[in-house]
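Novice: One structure follows; several queries about it will come next.
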Amino acid sequence: MEVVITKENFETLKNGSLPLVVDFWAEWCGPCKMIAPVISQLAEEYDGKIVVGKCNVEDSEDLAAEFGIRNIPTLLFFKNGQIVDKFVGAANKAKLQEKFDANL
C-alpha cells in the first residue's frame, strides 16, 4: 500500500526500519500517470519489505526543492535515512522492479 508523503510524516518514514521509495509526481504529469499503476502494484508486492510513498510536488514544494526535484516522475530510494538511489522518468514494471530489488 502506498502512503502519501507530507512534510509532517517524511522524517519518520525516511528514518524507519524499512527502506523507503518516494515517487515525486504531479496530477498534470503524463509520465507520472503512466507509471502510477505500476508503482501501486509494486507497493502491494513489496508490502512489509519497502515503504512506498507518493509525494505530489505541488502539495509538497518544500520537499521537492529540498531534493532538487526538477523532472517528474522521480523516484528516490532511502535506506537508514539516506538517499541510496534515484530514478528519473517513466519505465516499465521490469525496470522499476529491478530498482526495487537492488534497494532491498
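The values are calculated or read from the model by the stated rules, or taken from the named source; none is laboratory data. Please read these numbers as outputs of a predicted model, since none were measured by experiment. Because the Cβ atoms are built from the backbone with ideal geometry, glycine has one as well, and the counts that use them run over all protein chains shown. Protein only, heavy atoms only, side chains kept; ligands, DNA and RNA dropped before computing areas. Shrake-Rupley method; radii C 1.70, N 1.55, O 1.52, S 1.80 Å.
Novice: Using a 1.4 angstrom probe on heavy atoms only, work out the carbon and sulfur share of the accessible area of the chain in %.
Specialist: C and S fraction of accessible area: 51 percent.
Novice: What span do the alpha-carbon atoms of the chain cover on each of the three principal axes, reported in whole Å from largest to smallest?
Specialist: So the three principal-axis extents are 29, 29, 21 Å.
Novice: Specify the residue with the greatest mean-square fluctuation among ILE39, ILE69, ILE50, computed from a Gaussian network of the chain linking alpha-carbon atoms under 10 Å apart.
Specialist: Fluctuation is largest for ILE69.
Novice: Report the full-extension gain for the segment ILE83 to ASN71: residue separation times 0.36 nm, less the Cα-Cα distance, to one decimal in nm. Could you put the intermediate results ahead of the total?
Specialist: Details: separation 12, 0.36 × 12 = 4.32 nm, distance 1.71 nm.
Net length gain for the segment: 2.6 nm.
Novice: Now a separate question. Of GLU66, GLU27, GLU45, which has the largest mean-square fluctuation in a 10 Å C-alpha GNM of the chain?
Specialist: Greatest mean-square fluctuation among the candidates belongs to GLU66.
Novice: Would you mind counting up the charge near ASN92? Only other residues with Cβ under 13 Å from its Cβ, with Lys and Arg at +1 and Asp and Glu at -1.
Specialist: Around ASN92, the charge tally is +2.
Novice: Still on this structure: ASP47: accessible area at probe 1.4 Å, nearest 10 Å²?
Specialist: Spelled out: ASP47, probe radius 1.4 Å, area about 110 Å².
Novice: Suppose the chain between THR12 and GLU44 were pulled fully straight at 0.36 nm per residue; how much longer would it get relative to their current alpha carbon spacing? Display every interim value, and only then the final one.
Specialist: Working: separation 32, 0.36 × 32 = 11.52 nm, distance 2.06 nm.
The THR12-GLU44 span can extend by a further 9.5 nm.
Novice: Evaluate the charge dipole of the chain about its Cα centre and quote only its size in Debye, nearest 20, assuming +1 on the Cβ of each Lys and Arg and -1 on the Cβ of each Asp and Glu.
Specialist: In debye, rounded to 20, the chain gives about 360.
Novice: Give the cysteines in the chain for which no other Cys Cβ lies under 4.7 Å away, or write none if there are none.
Specialist: CYS55
Novice: A further question on this structure: On average, how much area does the Cα convex hull of region 56-104 cover when viewed from any direction, in nm²?
Specialist: If I average the Cα hull's projected area over directions, I get 3.7 nm².
Novice: What does the helix-only formula give at 222 nm for the chain: each DSSP H stretch with n ≥ 4 adding -39500 (n - 2.57), the total divided by the residues, and the result rounded to the nearest 500 deg cm²/dmol? Walk me through the numbers on the way to the answer.
Specialist: On the way: 4 runs with 40 residues, N = 104.
Only helices count here, giving -11500 deg cm²/dmol.
Novice: Next question. Excluding residues fewer than 8 places away in the same chain, name every one of the lysines whose C-alpha is closer than 17 Å to that of LYS49.
Specialist: LYS14, LYS79, LYS99
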